[in-house]
Ligand SMILES: Cc1ncc(COP(=O)(O)O)c(C=O)c1O
């Protein structure tokens, strides 16, 4: 784990104006303990050894960097897919879940709680809990329970308790609220295993560091595959920002690499049915950190919408907020239809069915003109098995 | 003198503070609720500003907040309502709000407008005391507003002393590991926690909240601490009420009744 870039948070967890730990006093001891211990634990050599071994032997890392030849010729450029979809459980979420469960063990916690949107983080958490013999409760919006049913069944089979959340839009935001309430109610024995680069400090940094394994591998994979040192651009989808943070991480301080992020436009940014936080959000506080948040003039959080449950969130992590504010990364809103079209295209050209979340990043190929000289990496954050019902509903066969 | 400070100077025990959600049950019931509470003996009133994502609140306040927002209440409107009711009312009034609606309104502007509307203090559960002390203390002082800190059973003694040292008005003693909500009785552990706090010799008055719902829990909390805050139980009483005045009178009478008789 490399520790020095100019994009680390300060002592209080701020990336520029974004971040911090805005938690009620009930969570102060838990958050404080994590803040004080996480770096020492992450850098401890026994931790690193165990984490590395699990990533390799259990999760299937390193994941391939795949030169997508037919996709490349379709767009007249060079596209490489980072195959996080090939990890155990089928998304990048496992990188984070494995790291945090080892951390929870070292903090002496016995009970794990998590929130999930697409269910990928819930499945990853249920998986690592089963692997470690720990109790697991996953909060999931009731709407997401319906639209990601295969993942609900997987979590149950893995021994987790899935609690449907009926407040708000019954999606990811509401699941986080309920997980936080659980944590407030059981602060001593419980570890909250957050699934993205959101929440109070140190979670955004913790999750980004654990996901940074993605770009750590790219540092040697990309030159091997392309014969070049650095890619021209790195593309990722953004919900809370964990897969984007992971794939951007080791390129953050290399300004010649363009960092491009796709957020969920839903039915269109202007329709009100959207989760495009950078397009519509204003600085605010949600789930313990200061970041861009979609909200009304009275500071009430706007219910988001996206066809993709993993991007259906009205906030975005503080690191990504900072990357936007400083211009280091460029953000684009991708609609449901564009993501669905990209899903179909990748299936037909490469024989890979992407998660609907990841398809948002693929859809950027339609929006951004790359040239025959460009070599770009797209983080294929997950696979589409979980989305088959939704995909079929929208695009038939 | 700030009305919260005056209250705790004049009354040393059995202080009853009542929380309700502004704009609930009706958008325009805020003023009637405050008047009824004042008339029937609440010593202090906490006006809840509803928020879409109230993470420290249990189901009852989540629902009242949702309904108040659906009724169309806003922080602007709440401040107007308070201005209407403040005339002649000497009961200390606090605003309880999550940070995001306050930031959107503008914290400095809110301090100004809240003070003008007769507010004596704020409770902002997700504003860390450290950040308050560093960044906002001055503006609160300028408007003679108290910022209320929370304590919980997990707060280590060193931090309790820190919060007490900087404490303003009173310390909000969260009774248990829980979000807000209704409980029938306090456990031995909770009672021991109240008792321990009472023996620490703190300078800031202590008021228990979360889980105070009836005469028993009110008595238990006020045996050791200066006062108690009721929220969810009162909201439940309002929810069912056809007449706010009557419901409030009955509720406060029952709460203060001798549970053993
Ligand atoms: C496959 C996949 N990609 C992306 C995301 C979005 O999360 P993040 O922005 O944290 O990577 C999710 C979330 O569930 C996911 O399952």
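None of the figures in this text is laboratory data; all of them are computed from the coordinates on show. All of these numbers come straight from a predicted model, not from anything done at the bench.
A few comments on the model shown:
- Shape category assigned to chain B from the gyration tensor of Cα positions, a/c cut at 1.5: rounded
- Cα-based shape type of chain A, given that a ≥ b ≥ c are square roots of the gyration tensor eigenvalues and the cut on a/c is 1.5: rounded
- The stretch A:309-383-the stretch A:281-300 distance, computed between alpha-carbon centres (Å): 23
- Relative contact order (%) - criterion: Cα under 8 Å, at least six apart; region: chain B: 22
- Spatially, the stretch B:79-122 and the stretch B:42-77 are offset by 14 Å when compared through their Cα centroids.
- Taking each DSSP H run with n ≥ 4 as -39500 (n - 2.57) and averaging over every residue of chain B yields -13000 deg cm²/dmol at 222 nm.
- Of interest is the spacing of the C-alpha centroids, which for the stretch A:44-67 and the stretch B:142-182 amounts to 44 Å.
- Computed [θ] at 222 nm, deg cm²/dmol, chain A (DSSP H ≥ 4; -39,500 (n - 2.57); rounded to nearest 500): -12000 deg cm²/dmol
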